[in-house]
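Trainee: Once you've had a glance at the structure underneath, I'll fire off some questions.
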Amino acid sequence: MKQLAQMPSDSLLQQLDHFISEERNPRTMDIDTLDSFAILQRINHEDAGIADAIEQQLDTIAAAVDCIVDRLTAGGRLIYIGAGTSGRLGILDAVECKPTFSVDESMVQGIIAGGETAIQHAVEGAEDDRNAAIADLQQRQLNAKDVLVGLSASGRTPYVTAALGYANDCGSATIAITCNPDTEVLKLAQFGICPIVGPEVLTGSTRMKSGTAQKMVLNMLSTTAMIRLGKSYQNLMVDVHASNEKLYARAIRIVTQATGCSAAIAEHHLQLAGHNAKLAIMMVLTGMDVDQARQLLKQNNGFLRAAVAQQTGSQHD
């Protein structure tokens, strides 16, 4: 027979009473009486305020990005850690960085309380296991070069608070993302990001507005950091890894969009460049051969705009 979950402590119940994400939303008290369209209207109206809440955090997000760029440039890693929905969102952002920006899979990592099983299934007690958080980070050999991002909608998840505390002890840079102000993760992190999105449509269902806010902030952190690291040219994903037919077609389009050449010329240069869109663009824009283009890109730390400007003496807008 399955055991009942441990009874919550009075202190935890008191904490939840003070969390904005756990409050009842006065705008959805009648939601169980509405038809499908009206429910969707309420959800959509609540979601509309998320971007505004994040806008209030842009200064902190920008400072966090600058830190991430510095650490990644110095050979560090960006590691997300969380439990439940928050942990899954971190893993989603991490695994998408490799195909989008052709970075080594070790550069951006996601850790979830309870391990891989927890990606699809709830693991009982995982979010409360402080020792497991430390063990998980020790297994990844967290060190002073790294950045740890603790994800916790509530701001008090023991697994995440323990991880942030351990990261501080290791000298790692620490970032927290939560939707509740004045919470423990914000006190532990060097950069505390807290978009206050208000009570959920369904009380306490933080996979909704809080989860969306966390996903949007993660998009900002990783995408902005990768742009700052030279992973784009104009607004094109020139470091995309063409690992399937769709991505190869996208790579052809990226080369044509960046250079104005035909699809046939783009595909020809992609083949010469080993399907490396950035390298193919460099060759088309400058007329250099593959070895010359690769060397000049290396001299410019992978920044395509700077490399093209050095060779042609002009900025390509």
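The values are calculated or read from the model by the stated rules, or taken from the named source; none is laboratory data. Fair warning: this is a prediction, and the values are worked out from it, not measured in the lab. Using ideal geometry, Cβ is built from the backbone for each residue, glycine included, and neighbour counts are taken over all protein chains shown.
Trainee: How many of the residues in region 273-294 are more than 18 Å from Ser102 (Cα to Cα) and either surrounded by fewer than 18 Cβ atoms within 10 Å (Cβ to Cβ) or touching a Ser or Thr at 6+ places or on another chain (Cβ under 6 Å) (or both)?
Mentor: Residues that pass the stated criteria total 8.
Trainee: Please give the number of the condition Ala264 fails out of (1) within 20 Å of Thr100 (Cα to Cα); (2) at pLDDT 95 or above.
Mentor: All conditions are met except number (1).
Trainee: Tell me which of these Gln56 doesn't satisfy, since it passes every other one: (1) without any contact (Cβ under 8 Å) to a residue 40 or more places away in the chain; (2) more than 16 Å from Ser205 (Cβ to Cβ); (3) exposed (fewer than 14 other Cβ atoms within 10 Å of the Cβ).
Mentor: Failing condition for Gln56: (1).
Trainee: Does region 282-289 contain any residue that is at positive phi and under 32 Å from the mean Cα position of the chain (by Cα)?
Mentor: Scanning region 282-289, I find no residue that is at positive phi and under 32 Å from the mean Cα position of the chain (by Cα), so the answer is no.
Trainee: Continuing with the same structure: If I filter region 244-264 down to residues being of a type in the set (A, V, I, L, M, F, W, C) and farther than 21 Å from Ala307 by Cα, which single residue comes out as surrounded by the fewest Cβ atoms within 10 Å (Cβ to Cβ)?
Mentor: Narrowing region 244-264 to residues of a type in the set (A, V, I, L, M, F, W, C): 247, 249, 251-252, 254-255, 258, 261, 263-264.
From what's left, farther than 21 Å from Ala307 by Cα: 247, 249, 263-264.
Details: Leu247: 18, Ala249: 13, Ala263: 12, Ala264: 10.
Selected residue: Ala264.
Trainee: Considering Ala94, Ala133, Ala122, Ala64, which residue is over 17 Å from the mean Cα position of the chain (by Cα), among the aliphatic types (A, V, I, L, M) and buried (at least 20 other Cβ atoms within 10 Å of the Cβ)?
Mentor: Selected residue: Ala133, the only one of Ala94, Ala133, Ala122, Ala64 that is over 17 Å from the mean Cα position of the chain (by Cα), among the aliphatic types (A, V, I, L, M) and buried (at least 20 other Cβ atoms within 10 Å of the Cβ).
Trainee: Would region 217-233 turn up any residue that is surrounded by fewer than 17 Cβ atoms within 10 Å (Cβ to Cβ) and on the phi > 0 side of the Ramachandran plot?
Mentor: Within region 217-233, none of the residues are surrounded by fewer than 17 Cβ atoms within 10 Å (Cβ to Cβ) and on the phi > 0 side of the Ramachandran plot.
Trainee: State all residues of region 295-305 that are surrounded by fewer than 16 Cβ atoms within 10 Å (Cβ to Cβ) and assigned to a helix (DSSP H, G or I); if no residue qualifies, say none.
Mentor: Within region 295-305, Gln295, Lys298, Gln299 qualify.
Trainee: Considering only region 184-212, state which residues are closer than 17 Å to Ala63 by Cα and either surrounded by fewer than 18 Cβ atoms within 10 Å (Cβ to Cβ) or in contact (Cβ under 8 Å) with a residue 60 or more places away in the chain (or both).
Mentor: Selection gives Lys187, Gln190, Phe191, Gly192, Ile193, Cys194, Pro195.
Trainee: Here's a follow-up. Taking region 199-240 on its own, how many of its residues are closer than 27 Å to Ile31 by Cβ and touching a strand residue (DSSP E or B) at 6+ places or on another chain (Cβ under 7 Å)?
Mentor: 2
Trainee: In addition: Looking at (1) farther than 30 Å from Arg140 by Cα; (2) assigned by TED's automatic domain parsing to the domain that holds Ala173; (3) not in a helix (DSSP H, G or I), can you tell me which one Gly75 breaks?
Mentor: So the condition that Gly75 fails would be (1).
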